[in-house]
Amino acid sequence: MKIKALVVATLFAFAPFAFSGSYGSTEKTADHAGHSSGTIVDVAVGNPDFSTLVAALKAAGLVETLSGAGPFTVFAPTNAAFAKLPAGTVESLLKPENKATLTGILTYHVVAGKVLAKDVVTLKTATTVQGGAVAIDASNGVKVNNANVTATDIMGSNGVIHVIDTVLMPPAK
């Protein structure tokens with residue numbers, strides 16, 4: 001119940017944003033009725049703006065997990081979001097010896113449950129699969145931690161994607 005509430009809270013903050021057609025135009029994304037022909041991983045694979053995210057999911061061994069039944073809510077950073085990281089960061093994280101760190105970062109972008117933008121309006125935080133909490137602020141646009149939400153409610157058969165412009169970094173433990 002607590003996880004469900006946190007997921008709902010996370011997406012509630014995204015209500016002011018409309019679905020961006022450029023993220024729903026691929027074959028494996030949403031059809032005209034808003035239903036997907038594939039999982040959230042299929043949606044990401046079908047969109048070139050998520051190629052870095054897909055590479056990271058593969059390196060972390062999370063493709064199978066996020067292709068599972070779910071449901072999942074994913075705050076998906078675009079390639080441009082990954083490009084904002086310091087030079088060499090992505091390349092370093094993709095190395096096998098950094099798999100645990102990469103997995104922690106990626107699971108910090110996932111909330112258990114399917115939380116649509118319309119459900120997030122009153123939430124202030126959400127607990128991620130990684131275990132940390134993300135802050136949600138809808139006072140001036142919608143932000144998750146320091147990332148702006150740029151598109152919402154991109155449906156997959158096992159969850160939903162909300163696009164963000166910055167990679168979320170979990171707090172140090």
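The values are calculated or read from the model by the stated rules, or taken from the named source; none is laboratory data. Every value quoted in this text rests on a predicted model; they were computed, and no experiment measured them. Glycine also receives a Cβ, built like all others from the backbone with ideal geometry; neighbour counts cover every protein chain displayed.
Take the residues of the stretch 117-137 that are modelled with pLDDT under 90 and part of a loop (DSSP other than H, G, I, E, B): which is surrounded by the fewest Cβ atoms within 10 Å (Cβ to Cβ)?
The selected residue is Thr122.
Does the stretch 75-91 contain at least one residue that is out of contact with any Pro (no Cβ under 8 Å at 6 or more places or on another chain), farther than 21 Å from Thr166 by Cβ and either modelled with pLDDT under 95 or not charged (D, E, K, R) (or both)?
So far as the stretch 75-91 goes, no, none of its residues is out of contact with any Pro (no Cβ under 8 Å at 6 or more places or on another chain), farther than 21 Å from Thr166 by Cβ and either modelled with pLDDT under 95 or not charged (D, E, K, R) (or both).
Go through the stretch 74-116 and give me each residue that's part of a loop (DSSP other than H, G, I, E, B) and hydrophobic (A, V, I, L, M, F, W, C).
The initial filter retains those residues of the stretch 74-116 that are part of a loop (DSSP other than H, G, I, E, B), namely 78, 84-88, 94-95, 108-109, 113-116.
Leu85, Ala87, Leu94, Val115, Leu116, listed by residue number.
Please determine whether any residue of the stretch 140-148 is without any contact (Cβ under 8 Å) to a residue 12 or more places away in the chain and farther than 17 Å from Ala44 by Cα.
First, the residues of the stretch 140-148 that are without any contact (Cβ under 8 Å) to a residue 12 or more places away in the chain: 140.
Still in the running and farther than 17 Å from Ala44 by Cα: 140.
Yes, the conditions are met somewhere in the stretch 140-148.
Residues that are surrounded by 22 or more Cβ atoms within 10 Å (Cβ to Cβ), within 18 Å of Val63 (Cα to Cα) and touching a helix residue (DSSP H, G or I) at 6+ places or on another chain (Cβ under 8 Å): does the stretch 94-101 have at least one? If you could, list the steps in order and put the result at the bottom.
Initially, the stretch 94-101 is screened for residues surrounded by 22 or more Cβ atoms within 10 Å (Cβ to Cβ), giving none.
No, the conditions are met nowhere in the stretch 94-101.
Please determine, by comparing only the residues of the stretch 104-116 that are without any contact (Cβ under 8 Å) to a residue 60 or more places away in the chain and crowded, with 20+ Cβ neighbours inside 10 Å, which one is farthest from Gly156 (Cα to Cα). Give the steps one after another, and end with the answer.
We begin by selecting, within the stretch 104-116, every residue without any contact (Cβ under 8 Å) to a residue 60 or more places away in the chain; these are 106-107, 109-110.
Right, trim to crowded, with 20+ Cβ neighbours inside 10 Å and you get 106, 109-110.
Values: Leu106: 18, His109: 16, Val110: 14 Å.
Only one residue fits best here, namely Leu106.
Could you tell me which of the residues Pro86, Pro71, Pro48 is in contact with a Gly (Cβ under 9 Å, 6 or more places away or on another chain), over 17 Å from Val149 (Cα atoms) and either surrounded by fewer than 18 Cβ atoms within 10 Å (Cβ to Cβ) or among the basic types (Lys, Arg) (or both)? Break it down stepwise before answering.
Working: Pro86 fails: in contact with a Gly (Cβ under 9 Å, 6 or more places away or on another chain); Pro48 fails: in contact with a Gly (Cβ under 9 Å, 6 or more places away or on another chain).
Selected residue: Pro71, the only one of Pro86, Pro71, Pro48 that is in contact with a Gly (Cβ under 9 Å, 6 or more places away or on another chain), over 17 Å from Val149 (Cα atoms) and either surrounded by fewer than 18 Cβ atoms within 10 Å (Cβ to Cβ) or among the basic types (Lys, Arg) (or both).
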